[in-house]
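The values are calculated or read from the model by the stated rules, or taken from the named source; none is laboratory data. Remember, it's a predicted structure, so these values are computed and weren't measured experimentally. So basically every Cβ, Gly included, is an ideal-geometry build from the backbone, and we count neighbours across all protein chains shown.
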Amino acid sequence: MLTDKDLNQLKDRNITEEQVERQVAQLKRGTAYVKLIRPATIGDGIIRMTDDQVKQMTDAFEEDREFYQFTKFVPASGAASRMFKDLFTFIENGVETKFTEIFFAHIHSFAFADDLDQACQKLYGMGIDELKKQNRQVEIVKALLLEDGLNYGKLPKALLKFHHYEHFDRIALEEHLVEAARYATDPKGVARLHFTVSTEHEKPFLDAIDKVKSDYEKKYGVRYDITYSFQKPSTDTVAIDADGELFREKDGKLLFRPGGHGALIENLNDLAGEIMFIKNIDNIVPETRMETTVTYKKALAGMLLRLQQLTFEYLEMLDEGDLTDDDLNEIMRFAKEQLHIDIPEFIKTYEPMEKIDFLYDRLNRPMRICGMVKNEGEPGGGPFWVKNNDDEVSLQIIESSQIDHNKEPQEAIFKASTHFNPVDLVCGCWNYKGEAFNLTEFVDPSTGFVSSKSKDGKELKALELPGLWNGAMADWITLFVEVPIETFNPVKTVNDLLKPMHN
């Protein structure tokens, strides 16, 4: 039962009663696990390009890029606290681990080392090395993470110093500016970037951009068009308690929780951009190691542009409607062989107009080309052939949380996956008429994830919206392409910055 106060809360967040009803029903139902058919592999859902094909696709990108508008979309919300989880534990208990041993042994290799040394001097009257000699490592970590020091525990990853060069250091945000200048520019030299940020980080984020923007524009001969957005309150979700009732705060108000990164499909949709490059904020390397990444970004984009052009031509034919059997068979072959769209056998029994409607529906969708790297033990999602509730088979990026691991056949398929999702997407978000798709129409809402949490000592069930590149893009045309492992260099912990690709 919703009270008048509840309804005012919903109104403030632009959330409808119907949304709450659907969320509560989903929370009571629990996670709707996906049905895996088989892993996508090379030759069966994953494309492996030869060196010649990579060159052909990069050439295609260079030839056609003047006719398109590109935007680089970088999810960058939230603090970097998880990156320092082991160091926060060290502050609490002071117990050295293998992780902290590595951190202190290589502390001067981090790009933030000089800043940290100055913070230690300011707080304790001595630098890193003197504190280490006195076994005061906890103070060093406090100077790095806490507010009276560098405050890295509360800053977003975008604003952390990632890479050290001979005469300067760069924060993650700067490296994304450099990368965008290499492939996300239009004929007028405008490089568009969009960052999703948290409201509490808005000012330091804008200050950081103001500080470096003009320098990079001069250095790379571009003009940056940088925009940003916040996760919408309307994408927050309710929770339920152990009795299945709406979870309330101590003051009686409804508890709302962020809906996860799947909420960002709204931000992506609002941009209404034509071609979108999507890449996580922490998957960035120094400029000196960017060449492979840039090459494959262009190759993936070139493939998207060529396939999209052909798709649009076929959609115009379907729109006109006067097609022969040969025409329809040609379009079906293209959909199946080039776009990896599953064409059920029973479609052969359809009348010509039914075939036209079927093909038009399957082709008139946003398209994404997703880079995939060989799975070398990274946790997380990967590429699979999946059957949905309507018995439609399609390629999907599936996270571990979407699998019922208690079902042995499903677990076996999941473990047989050969590739991993590094979040390396190029997306075509306009239709063949030059209009922006409404991306929210291509979400599979049933793929939201229900998790058990607690607040104020009380248990609750929480709902995460379908992930941005999982259920939020479930009904897109999807192609998977193998990309080199060198293009995947995430910084999940601070010690990842010590890896060769970040130096």
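The lone criterion from (1) of a type in the set (Lys, Arg); (2) in contact (Cβ under 8 Å) with a residue 40 or more places away in the chain; (3) over 30 Å from Asn495 (Cα atoms) left unmet by Lys374 is number (3). Among all residues of the stretch 23-41, there is at least one that is under 30 Å from Asp391 (Cβ atoms), modelled with pLDDT under 95 and in contact with a Gly (Cβ under 7 Å, 6 or more places away or on another chain). Within the stretch 331-351, restricting attention to residues that are in contact (Cβ under 8 Å) with a residue 12 or more places away in the chain and in a helix (DSSP H, G or I), which residue is farthest from Thr478 (Cα to Cα)? Among those that are in contact (Cβ under 8 Å) with a residue 12 or more places away in the chain and in a helix (DSSP H, G or I), it is Ile347.
Need a quick list: strands (runs of 3 or more DSSP E) entirely within the stretch 1-113 having at least 1 residues that are charged (D, E, K, R) and over 23 Å from the mean Cα position of the chain (by Cα).
Values: elements: 35-39, 45-47, 70-75.
Passing ranges, in order: 35-39.
For the stretch 425-442, filtering for residues that are within 18 Å of Lys232 (Cβ to Cβ) and buried (at least 21 other Cβ atoms within 10 Å of the Cβ) leaves 1. Please verify whether the stretch 400-418 includes one or more residues that are in contact with a helix residue (DSSP H, G or I) (Cβ under 9 Å, 6 or more places away or on another chain) and under 21 Å from Lys279 (Cβ atoms). The answer is no; no qualifying residue exists. Taking the stretch 454-470 as the range and being in contact (Cβ under 8 Å) with a residue 12 or more places away in the chain and over 30 Å from Gly371 (Cβ atoms) as the test, the residues that pass are Lys455, Asp456, Lys458, Glu459, Leu460, Lys461, Ala462.
Number of residues in the stretch 295-330 that are crowded, with 16+ Cβ neighbours inside 10 Å and within 27 Å of the chain's Cα centre (by Cα): the value is 16.
Counting residues that are within 19 Å of Gln338 (Cα to Cα), which strands (runs of 3 or more DSSP E) fully inside the stretch 355-462 reach at least 2? Let's see the steps before the verdict.
Details: elements: 367-374, 382-387, 393-398, 424-428, 449-455.
Those strands (runs of 3 or more DSSP E) span 367-374, 382-387, 393-398, 424-428.
A search for C-beta distances below 6 Å between a residue of the stretch 220-244 that is over 28 Å from Asn14 (Cβ atoms) and any residue that is assigned to a loop (DSSP other than H, G, I, E, B), counting only pairs 6+ apart in sequence or on different chains, returns Val222/Gly189; Arg223/Gly189.
Cβ-Cβ distances below 8 Å connect the following pairs, each with a first residue in the stretch 122-143 that is in the same structural domain as Glu92 (by TED's automatic domain parsing), a second residue that is among the hydroxyl-bearing types (Ser, Thr, Tyr), and a separation of six or more residues or different chains: Leu131/Tyr124; Arg136/Tyr124; Gln137/Thr100; Glu139/Tyr124; Ala143/Tyr124. Evaluating Pro445 against the criteria (1) crowded, with 21+ Cβ neighbours inside 10 Å; (2) within 19 Å of the chain's Cα centre (by Cα); (3) modelled with pLDDT under 95 leaves one unmet condition, (1). Consider the stretch 90-112 and keep the residues that are without any contact (Cβ under 8 Å) to a residue 24 or more places away in the chain and either among the small types (Gly, Ala, Ser) or touching a helix residue (DSSP H, G or I) at 6+ places or on another chain (Cβ under 9 Å) (or both). The one that is surrounded by the fewest Cβ atoms within 10 Å (Cβ to Cβ) is Val95.
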